[in-house]
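Worksheet for the structure shown next.
The values are calculated or read from the model by the stated rules, or taken from the named source; none is laboratory data. Because the structure is a prediction, the values reported are computed rather than measured. FYI the Cβ positions are ideal-geometry reconstructions off the backbone, even for glycines, and counts take in every protein chain you see. Note: accessible area is taken over every heavy atom of the protein model, side chains too, but ligands, DNA and RNA are not part of it. Shrake-Rupley method; radii C 1.70, N 1.55, O 1.52, S 1.80 Å.
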Amino acid sequence: MIHSLFIINGSGDVFMEKHWKTVIGKSICDYFFEAQSKCANSEDVPPVIATPHHYLVNIFRNNLYFVAVLTNELAPLFVIEFLHRIMDVFENYFGECTETSLKDNYVIVYELLDEMLDSGLPLATETNILKELIKPPNVLRKVTDIITGDSTNISDKLPSSQLSNIPWRPMGIKYTNNEAYFDLIEEIDAIIDRNGVTVMCEIQGYYRNLNLNNKNNVIMSPESAKDLSSRMISGVTWRKMGIVHRATNEILLDVIETLDAIVDQRGMIITAEVSGVIDCCIKLSGMPDLTLSFINPRLLDDVSFHPCVRLKKWEGERVLSFIPPDGNFRLISYHIGSQKCQLDAISIPIYVKHNIQFREGSSGRFELTVGPKQTMGKTLEAVVIECSMPKSVLNCTLTPTQGKCTFDPVKKILVWDIGKIESNTQAAARLPSLRGNIVLATGQPLPESNPILNVRFTLNQIAISGIRVQRVDMHGEKYKPFKGVKYITTVKNGRFQIRT
């Protein structure tokens with residue numbers, strides 16, 4: 001079970017903490033800071049840190065560390081997934097999950113953590129359910145709270161998507177005969193040898209009952225009880241009954257892929273992996289039943305689905321069949337590894353020509369040229385190249401033909417913010433380039449190897465793995481909704497490396 005959660009900013013300050021069981025002092029974070037000091041990059045901190053009496057499970061995202069404290073062994077992926085879910089909920093509520101946004105919404109943050117975890121175990125993690133229970137912040141509500149002095153954001157009514165304090169029994173049940181039946185069932189597992197002697201014998205038993213006593217103990221309005229009962233019977237607990245969108249009915253899909261790759265000096269791909277998600281914004285009236293098919297679904301092996309997806313349909317036909325929640329939700333997460341990607345078939349949409357030389361004495365030469373490659377006519381956006389220089393480099397005098405170049409002489413980090421690279425940039429003279437000299441410290445040996453280039457970029461309307469949505473069909477409703485699919489390929493900081 002998760003006992004405590006500490007949120008740490010990039011400067012190493014614990015600015016928020018939450019305890020569900022016993023209070024654990026901040027000194028437990030010293031083990032985390034010790035492991036962090038041994039890592040060159042923020043993302044290299046081990047996700048699981050063992051201490052004499054606790055386990056620390058952490059994630060790094062948006063320049064924040066979320067550190068969960070466990071007192072006993074627990075599946076680490078379970079905790080990591082839950083921490084990511086917490087950050088997803090914060091981003092959905094506040095627009096972004098940063099130190100400033102969390103400090104501005106202290107009350108809502110603690111209310112959400114109370115609802116998402118109960119006695120150290122996850123309880124409610126669906127955003128749609130939480131928004132019915134805890135109202136999202138807005139300017140009008142903040143002004144009203146200041147005037148009235150009411151700082152709570154918890155709704156007075158139970159959310160219709162969440163079951164009541166007696167979830168197994170709806171309100172208003174009436175029978176002519178009130179009766180109860182019990183079935184006591186036992187299963188025996190045994191092994192008997194040739195002589196008739198029992199070698200092993202086990203009995204597993206359970207009982208089930210059909211209790212039809214007419215008692216009304218659910219504290220809910222008749223309307224909520226009726227809606228809850230119908231949804232319990234249908235099994236679609238993530239969607240309200242009778243939803244009506246008068247302005248528009250639409251299905252919007254965002255296919256977002258993140259590329260992790262290492263390219264050697266010759267431009268050959270050493271390793272490449274693609275992590276992708278399909279985020280949906282679905283606003284449909286009634287109770288629609290959707291099917292989504294892909295052009296090449298066999299690429300999707302390592303997948304994680306929203307609970308609304310019917311697994312048997314996917315396993316048998318490779319088609320996503322589901323009744324969607326109303327609003328924003330993540331339909332599927334997938335990971336395509338190096339073997340599945342077929343390295344030779346991956347089209348890296350950018351190339352970098354490099355010439356980095358460290359000469360005897362106190363000087364060197366640094367030249368980079370960047371260009372688009374197989375972008376299918378799309379524009380590369382937010383292109384940034386970052387290079388960690390050796391410690392012997394004192395300064396860099398570089399001139400870019402496009403964008404802005406900065407060098408931090410303390411951290412020895414060179415950043416070239418290029419911006420956009422148009423796909424029709426054919427002439428070599430028009431390609432973005434960076435050229436200049438490097439100043440080395442005198443008396444120190446030359447660096448043993450050239451630095452590694454970390455490249456970041458965003459490419460719209462292309463999924464680099466080759467995943468394409470073939471069609472989206474709706475059943476159960478007669479109107480025709482608007483449909484839209486958007487593809488985005490992006491690279492996180494430090495995930496796309498080019499060795500020089």
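So the values come out like this:
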item: Sequence of Glu111, Glu202, Glu315, Glu273 when ordered by accessible area, the most exposed leading, probe 1.4 angstrom; result: Glu315, Glu202, Glu273, Glu111
item: Estimated vicinal HN-Hα couplings, Hz - the range 268-281 in sequence order (Karplus 6.51, -1.76, 1.60; Gly, Pro = x); result: 8, 7, 7, 8, 8, 9, 10, 10, x, 9, 10, 9, 10, 10
item: Three-way shape call for the range 1-123 based on the alpha-carbon gyration tensor, with the a/c threshold at 1.5; result: oblate
item: Packing rank of 377-383, 66-72, 115-121, where each peptide gets the mean count of other beta carbons within 10 Å, highest leading; result: 66-72, 377-383, 115-121
item: For the range 445-450, 3J(HN,Hα) per residue [Karplus equation, 6.51 cos²θ - 1.76 cosθ + 1.60, θ = phi - 60°, Hz, x = Gly/Pro]; result: x, 5, x, 6, 8, 6
item: Of Lys283/Lys420; Lys103/Lys486; Lys174/Lys312; Lys313/Lys478; Lys378/Lys404, those spanning more than 27 Å from alpha-carbon to alpha-carbon; result: Lys283/Lys420; Lys103/Lys486; Lys174/Lys312
item: Of Lys21/Lys492; Lys411/Lys492; Lys38/Lys412, those spanning more than 28 Å from alpha-carbon to alpha-carbon; result: Lys21/Lys492
item: Solvent-accessible heavy-atom area per residue, rounded to whole Å², over the range 383-462 at 1.4 Å; result: 53 Å²
item: Environment charge of Leu123, counting only residues whose C-beta is closer than 10 Å and scoring Lys/Arg +1, Asp/Glu -1; result: -3
item: Spin-label model distance (nm) - Asn62 vs Leu252, 7 Å beyond Cα toward Cβ; result: 1.9 nm
